[in-house]
Amino acid sequence: RYEPTWGSLDVRPLPAWFDEAKFGVFIHWGVFSVPSFGSEWFWWYWQKEKREPYVKFMEANYPPGFSYEDFGPLFTAEFFDPNQWADILKASGAKYVVLTSKHHEGFTLWGSKYSWNWNAVDVGPKRDLVAELEASVRNRTDLRFGLYHSLFEWFNPLFLEDASNGFKTRRFPTSKSLLELYEIVTKYQPEIIWSDGNGNAPDTYWNSTGFLAWLYNDSPVRDTVVTNDRWGVGSICTHGGFYTCSDRYNPGHLLPHKWENCMTIDKRSWGFRRDARLDDYLTIEDLVKQLVETVSCGGNLLMNIGPTHDGRIAVIFEERLRQVGAWLKVNGEAIYGTKPWRAQNDSVTPQVWYTFSPKGKTVNAIFLNWPVSGTLELGEPQAKLGETQVKLAGYKELLKWIAPGEKGLIIALPQLTPKQLPCQWGWTLQLTAIN
């Protein structure tokens, strides 16, 4: 049994499925999806920081005295079709999904008995959005279902009172935040608990170690659940399950501890923005590059989309997810279930990233630029004459190669028309019998 101490909790082995999965989809959805302007931090920027664009937006579009709470009934979700969402998630090639069950605004997407009149069953859609997505994901896909949960809430009076007492009192976690965590685990059995938002309070205030000890020892998901590292001041990148370290974390080198790069297709926001421009969205080339770099350095990629207040996944997000899925159909063997190789990227040709597939003892060299010369030079692999074989994923015939010295390979790529290429945004060379 795990003790409620970091010393005990941190030795728990991470369930193997998480490292094998490599790729998940993050979904930021909530009342912030109604103004869908600027950022999912809309309430804070408008009311607390009084940032000019947010104040002006409200003055121009809403009557005087309009409060953030008034957005609640406008969060309608009338087009939310959980089966359609599940089908898009499946088509993306992702192996897990993480939904914001509650963001810093405190609005819960399920009918929490600890969030009276500020939840999706009492206000707005009048639906349990968490339950509906969970059922569709589990019935229609093989994705693992996960939930994001914010520990703190910007404007909750109980939290503000505790904060003003220097967190010596603990009214907010004991009467709301912790109870919600136990509630979502018992009700929906998520296999990822993605915690966030420490509110500048230590983990002792949140009793994070007490909750995690219960989660790992006695909860219905104790054998398969994974958690992140955001459990109070000082825990990020230090304690918990996998490390997230910071948003959009992509170190570019191998880390000793399992980590995740959580990033978002809209470069400026996690929630949906009606004012987004086309060049605010990462291209499919950008996304494939992020995925390949992250996996080769031992990480998982958690790619975020923000649905609309009426429950649609915007067409551009759907397109990006389906494109990643199409790429993974061809190159998935170089991603899923792989381990980092001894080199992460190539020493001779830039934009070549390595992974290792233990099953076929294959070294995968994923190259992001197709060379004009038609030959690709690799500095890292050591070939064995008469044994080493080189394949291009999605292409039938073996490729010809020569070894210029003790180390390195020069590979002749097939001459293909754009239509004949196995995919369009990055290609995998599968090398077998490499020293």
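For region 263-309, give me each residue that is part of a strand (DSSP E or B) and over 12 Å from Lys22 (Cα atoms). Steps first, answer last, please.
From region 263-309, those part of a strand (DSSP E or B) are 263-264, 266, 281, 299-305; that's our starting set.
Scanning region 263-309 gives Met263, Thr264, Asp266, Tyr281, Asn304, Ile305.
Name the pairs: first residue in region 109-123 and touching a residue at least 12 places away in the same chain (Cβ under 8 Å), second residue hydrophobic (A, V, I, L, M, F, W, C) and surrounded by fewer than 23 Cβ atoms within 10 Å (Cβ to Cβ), Cβ to Cβ under 6 Å, at least 6 apart or on different chains?
So the pair list comes out as Gly111/Val121; Tyr114/Leu179.
Out of region 316-335, which residues are under 11 Å from Pro358 (Cα atoms) and either open to solvent by 40 Å² or more (accessible area, probe 1.4 Å) or among the hydroxyl-bearing types (Ser, Thr, Tyr) (or both)? Even if it seems obvious, please write down each step before you answer.
So the first thing to find is which residues in region 316-335 are under 11 Å from Pro358 (Cα atoms), and the list is 333-334.
The answer is Glu333, and nothing else.
Consider Glu406 against the criteria (1) open to solvent by 60 Å² or more (accessible area, probe 1.4 Å); (2) not in a loop (DSSP other than H, G, I, E, B): it satisfies all of them except one. Which criterion is unmet?
Only one criterion in (1) open to solvent by 60 Å² or more (accessible area, probe 1.4 Å); (2) not in a loop (DSSP other than H, G, I, E, B) is unmet by Glu406, namely (2).
Find all pairs meeting these conditions: Cβ atoms under 9 angstrom apart; at least six residues apart or on different chains; first residue within region 413-432 and on the phi < 0 side of the Ramachandran plot; second residue of a type in the set (D, E, K, R) and in a strand (DSSP E or B).
As it stands, the answer is Thr428/Lys391; Leu429/Lys391; Gln430/Lys391; Leu431/Lys391; Thr432/Lys391, since those pairs meet every condition given.
Do you know which of the residues in region 371-387 that are surrounded by fewer than 13 Cβ atoms within 10 Å (Cβ to Cβ) and among the aliphatic types (A, V, I, L, M) is modelled with the highest pLDDT?
The selected residue is Val372.
Regarding Leu99, is this residue part of a helix (DSSP H, G or I), surrounded by 23 or more Cβ atoms within 10 Å (Cβ to Cβ) and of a type in the set (A, V, I, L, M, F, W, C)?
Details: part of a helix (DSSP H, G or I): no; surrounded by 23 or more Cβ atoms within 10 Å (Cβ to Cβ): yes; of a type in the set (A, V, I, L, M, F, W, C): yes.
In short, no.
Tell me which residues, restricted to region 374-387, are more than 36 Å from the chain's Cα centre (by Cα) and either in a loop (DSSP other than H, G, I, E, B) or within 11 Å of Leu429 (Cα to Cα) (or both).
The answer is Lys384, Leu385, Gly386, Glu387.
I'd like the residue in region 379-435 that is among the charged types (D, E, K, R) and in contact with a strand residue (DSSP E or B) (Cβ under 6 Å, 6 or more places away or on another chain) and, out of all such residues, is farthest from Gly332 (Cα to Cα).
Restricting attention to region 379-435, the residues satisfying the condition of being among the charged types (D, E, K, R) are 380, 384, 387, 391, 396-397, 400, 406-407, 419.
Those left that are additionally in contact with a strand residue (DSSP E or B) (Cβ under 6 Å, 6 or more places away or on another chain): 391, 400.
Working: Lys391: 14, Lys400: 23 Å.
Filtering first and then ranking leaves Lys400.
Which one is surrounded by the most Cβ atoms within 10 Å (Cβ to Cβ) among residues in region 126-177 that are assigned to a helix (DSSP H, G or I) and among the aromatic types (Phe, Trp, Tyr)? Let's see the steps before the verdict.
Here is the first cut: in region 126-177, the residues assigned to a helix (DSSP H, G or I) are 129-140, 157-164, 171-177.
Next cut, among the aromatic types (Phe, Trp, Tyr) only: 159, 172.
On the way: Phe159: 22, Phe172: 25.
By that ranking, first place goes to Phe172.
Can you tell me which residue in region 221-247 is nearest to Tyr148 (Cα to Cα), limited to those that are in contact with a Pro (Cβ under 8 Å, 6 or more places away or on another chain) and not in a loop (DSSP other than H, G, I, E, B)?
Ranking the candidates gives Val226 first.
Of the conditions (1) farther than 23 Å from Asn156 by Cα; (2) in contact with a helix residue (DSSP H, G or I) (Cβ under 9 Å, 6 or more places away or on another chain), Glu78 clears all except one; give me its number.
Of the numbered conditions (1) farther than 23 Å from Asn156 by Cα; (2) in contact with a helix residue (DSSP H, G or I) (Cβ under 9 Å, 6 or more places away or on another chain), the odd one out for Glu78 is (2).
Kindly indicate which of Leu74, Leu9 is open to solvent by less than 60 Å² (accessible area, probe 1.4 Å) and either in contact with a strand residue (DSSP E or B) (Cβ under 8 Å, 6 or more places away or on another chain) or at negative phi (or both). Spell out how you get there, then give the answer.
Values: Leu74 fails: open to solvent by less than 60 Å² (accessible area, probe 1.4 Å).
Answer to the check: Leu9.
One line per residue, one yes/no per condition, for (1) open to solvent by less than 60 Å² (accessible area, probe 1.4 Å); (2) in a loop (DSSP other than H, G, I, E, B):
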residue	(1), (2)
Lys396	no, yes
Ile410	yes, no
Trp425	yes, yes
Leu431	yes, no
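If a residue has to be part of a loop (DSSP other than H, G, I, E, B) and open to solvent by 20 Å² or more (accessible area, probe 1.4 Å) to count, how many in region 205-220 make the cut?
The first filter runs over region 205-220 and keeps only residues part of a loop (DSSP other than H, G, I, E, B), leaving 207, 218-220.
Okay, now just the ones that are also open to solvent by 20 Å² or more (accessible area, probe 1.4 Å), so 207, 218, 220.
Matching residues across region 205-220 total 3.
Output yes when any residue across region 88-95 is surrounded by fewer than 17 Cβ atoms within 10 Å (Cβ to Cβ) and of a type in the set (A, V, I, L, M, F, W, C), and no when none is.
No, every residue in region 88-95 fails to be surrounded by fewer than 17 Cβ atoms within 10 Å (Cβ to Cβ) and of a type in the set (A, V, I, L, M, F, W, C).
Can you tell me which condition Val390 does not meet? The list is (1) at pLDDT 95 or above; (2) out of contact with any Pro (no Cβ under 8 Å at 6 or more places or on another chain); (3) open to solvent by 30 Å² or more (accessible area, probe 1.4 Å), and all the others hold.
Evaluating Val390 over (1) at pLDDT 95 or above; (2) out of contact with any Pro (no Cβ under 8 Å at 6 or more places or on another chain); (3) open to solvent by 30 Å² or more (accessible area, probe 1.4 Å) leaves (3) as the failure.
Given Gly271, Gly311, Gly306, Gly299, which one is on the phi > 0 side of the Ramachandran plot and crowded, with 18+ Cβ neighbours inside 10 Å?
Numbers: Gly271 fails: on the phi > 0 side of the Ramachandran plot; Gly306 fails: on the phi > 0 side of the Ramachandran plot; Gly299 fails: on the phi > 0 side of the Ramachandran plot.
Answer to the check: Gly311.
Of the conditions (1) under 21 Å from Val98 (Cβ atoms); (2) crowded, with 20+ Cβ neighbours inside 10 Å; (3) not small (Gly, Ala, Ser), Thr186 clears all except one; give me its number.
Condition not satisfied by Thr186: (2).
The values are calculated or read from the model by the stated rules, or taken from the named source; none is laboratory data. Source: prediction; values computed, not measured. Heads up, the Cβs are rebuilt from the backbone with ideal geometry, glycines too, and the neighbour counts pull from every protein chain shown. The accessibility values were calculated without ligands, DNA or RNA, using every heavy atom of the protein model including side chains. Shrake-Rupley method; radii C 1.70, N 1.55, O 1.52, S 1.80 Å.
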